[in-house]
Each structure stands twice: as structure tokens, then as C-alpha cells.
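Chemist: The structure follows.
Each reported figure results from applying straightforward, stated rules to the coordinates on display, with no laboratory input. As the structure is a prediction and not an experimental result, all values here were calculated from the model. Note: ideal-geometry Cβ built from the backbone for every residue, glycine included; neighbour counts use all protein chains shown.
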Amino acid sequence: MDWGMANRMAEIISPATGRCLMLAVDHGYFQGPTTGLEKPGETVKPLLPYADALMITRGALRNTIDPGLRAPVVLRVSGGTSILQDDLSSEDITVSAEDAIRLNASCLAISIFVGSANEKTTLVNLSKLCDKGQRYGIPVLAVTAVGKQMTRDARYLGLACRIAAELGAQIVKTYYCEGFEKIVNGCPVPVIIAGGKKIEERDALRLAYQAISAGASGVDMGRNIFQSKWPVAMIQAVRSIVHENKTDAEAWDMFESLRG
Ligand code: 5RP
């Protein structure tokens, strides 16, 4: 791996633990004003000291985030549909490599929709983005988006993750499911999980622990952190699972004492 690419990967995935706690706040690119992200800059400010990286769109980054932030940026560079559509799979690349570099992005994030009507387009887009990433030494994070009609099982997610890695993604983000070990074993690049819809804090910590125990290289968690009533306590508890090998029970104790 070229030095710039390796250096950016080390910004995202800690060389000390081989893991990553990414804070996802890119939801607005297809959901619009998501609860908790009305003012992303204010939401992320107290959370950034505990995040290894911030996943965000260029519009939210430019308009709401203090450029003095210390967290590497994972820039969402795909989009083109909204929640008003039944099928969200019709995405394209929405940011040029030059703009990503101007924004000092450490990683480029794109969704792929394996099994959807736009499977081919999104996979070719991923391949093109990986070419751009190779040209400039910027890693690509492929997000295995799941359509309403698709089952979130290890067979399907494993297929999508492996294809993403084969096409050149340096990191893959998917969902936790039963048999997650199979997904990790079948994927030659680090696999991280999305948090998904807001659930109880205790359950979200269990989800993070199960994923890490099954071989995930980290979490890219959004709503289960920033929609918690105690987001700063929550991110620290998740961090203890990711980087300190705490169990979900230990992280829960930490959460309870931090939220006071
Ligand atoms: C949307 C995304 C989000 O970043 C991802 O879903 C993580 O956020 P959450 O933990 O809220 O699910 O990639 O496509």
C-alpha cells in the first residue's frame, strides 16, 4: 500500500488496536433534517474527542463544522435519491476527487446496492471511486446498503461485503447479523458495522459488543449515539468496547456512571 493511503488508513483505523470508532452524521444526504442532526456542528462538538473519524457530507462539513476539528473526515460522496422514493438504490458519485481533497478527506464513502435494480451502476461507481482513491492515495469505504426487500442475513451481507472488497474498497461497512463471523472471514478488508435505528442504549452496547466479538474492526455509529439522551456517555461506553475490549455489561456500567 502506498504511503499516503497507508497513512490515511491509520488515521481511521487505530494502529494501536486495529479498530475504529467512527461517528456517522451523514444521514441528511437522503433523509433531510434527521432528529438530532438539526445542527450537526453542535451535535458533534462534545462527541468528537471520543471519535476516531467523522462520517459526514461536504455540505454539512463546510457549513456547520469548525475547521479546527481534530477528527479525520470520512466524506460521503454518493447520493442522488431521497426517502420520498420507494427505491433508494439509484445513487451516483456526487463529489469530485478534487473537492474531497480540498476538504482534506481521509476516506471516501459510497453506498452499494447489491441485489437492487441499480446493482450494476452502484458497483461500477464503487470501482470508479476506488480508481480515484488509488490515484490520490485516499481509501474508500463501501457501505452495503440494504433495500427493504432484502434480508439482512450473513449470506446476503457476506456477498455484498466480499464484492465491495473485490472491487477495491479498503473498508466495508455493513450491518450486524447472526453468523457475522462468516462475513468477516469472507472479506479480506476490515469490516465495520452501522448502528441502525435508535434502540435502547443497553441493546446498542450489546450490538457493538457482539460485532466486535465476531471480528468487526469497529463501528460506524450514528443514531444510537447522537439520538441518545446521554450521547457523550454513550460514545464513551461504545469506545470502551471498541478500543478497550470491554464487555457490553462493563460498558453499560460505565454508561450508567457517566450519565449520572
Ligand atoms: C447511511 C449511512 C449511515 O452513516 C449509517 O447508517 C450509520 O448511521 P446509523 O448508526 O445511524 O445507522 O451510511 O447510509
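Chemist: Post the alpha-carbon centroid distance, the range 23-90 to the range 154-209, in whole angstrom.
Modeler: The two parts, judged by their Cα centres, are 20 Å apart.
Chemist: What dipole magnitude, in Debye to the nearest 20, does the range 112-260 give about its Cα centre under +1 on Lys/Arg Cβ and -1 on Asp/Glu Cβ?
Modeler: Dipole size: approximately 560 debye.
Chemist: List the residues, sorted by chain then number, that are 5 or more residues from Val143 or on another chain and whose placed amide H is less than 5 Å from its amide H.
Modeler: Sorted by chain and number, the residues that satisfy this are Ile110, Ser111, Ile112, Lys173.
Chemist: Output ³J(HN,Hα) for the range 218-223: one whole-Hz value per residue in order, computed from phi by the Karplus curve 6.51 cos²θ - 1.76 cosθ + 1.60 with θ = phi - 60°, and x for Gly and Pro.
Modeler: x, 10, 10, 9, x, 4
Chemist: Also, I was wondering about something else. List the longest stretch of the chain that has no exposed loop site; here a site is one of the GluC sites (Glu not before Pro) assigned by DSSP to anything other than H, G, I, E or B, with at most 15 other Cβ within 10 Å.
Modeler: Maximal segment without exposed cleavage sites: 39-177.
Chemist: Just the number, please: percent antiparallel of the DSSP beta bridges in the chain, rounded to the nearest 5.
Modeler: Counting DSSP beta bridges with both partners in the chain, the antiparallel share is about 5 percent.
Chemist: Now a separate question. Above 16 angstrom, tally the Cα pairs of the range 80-201 and express them as a % of all pairs, no decimals.
Modeler: Within the range 80-201, distances greater than 16 Å cover 61 percent of Cα pairs.
Chemist: Non-local amide H neighbours of Tyr176 (under 5 Å, H modeled in plane, Pro and chain starts lacking H): which ones?
Modeler: For Tyr176, whose amide H was placed from the backbone, the distant partners under 5 Å are Ala194.
Chemist: Expressed as a rounded percentage, what relative contact order does the range 1-96 have, with Cα pairs under 8 Å and six or more residues apart?
Modeler: It rounds to 26 percent for the range 1-96.
Chemist: Under a plain spin-label model, where a point goes 7 Å from the Cα along Cα-to-Cβ, how far apart in nm are Arg259 and Asp86?
Modeler: 3.9 nm
Chemist: Can you give me the long-range amide H partners of Met55? Hydrogens built in the peptide plane at 1.01 Å from N, cutoff under 5 Å, separation of 5 or more residues or another chain.
Modeler: Amide H neighbours of Met55: Leu23, Ala24, Val25, Val74.
Chemist: On to the next question. Share of Cα-Cα pairs in the range 113-157 beyond 11 Å, in percent?
Modeler: Taking all Cα-Cα pairs of the range 113-157, the fraction more than 11 Å apart is 69 percent.
Chemist: Something else: With point charges of +1 on the Cβ of Lys and Arg and -1 on the Cβ of Asp and Glu, referenced to the Cα centre of the chain, which listed residue (Val242, Tyr29, Leu159) lies farthest in the positive direction of the dipole?
Modeler: Comparing the listed Cα positions along the dipole, Tyr29 ranks first.
Chemist: Another question, then. Could you give the radius of gyration (one decimal) and Dmax (whole number) of the Cα atoms in the range 146-235, in Å?
Modeler: 13.2, 40
Chemist: While we're looking at this one, here's another question. Based only on the alpha carbon positions, what is the Kirkwood hydrodynamic radius of the range 1-115, in angstrom?
Modeler: After inverting the pairwise mean of 1/r, the radius is 15.0 Å.
Chemist: Please state, rounded to one decimal and in Å, the Kirkwood hydrodynamic radius that the range 3-259 gives when every pair of distinct Cα atoms enters the mean of 1/r.
Modeler: Computed over Cα pairs of the range 3-259, the Kirkwood hydrodynamic radius comes out at 18.0 Å.
Chemist: List the relative contact order of the chain as a percent without decimals, with contacts defined as Cα pairs under 8 Å and 6+ residues apart.
Modeler: Normalised by residue count, the contact order of the chain is 18 percent.
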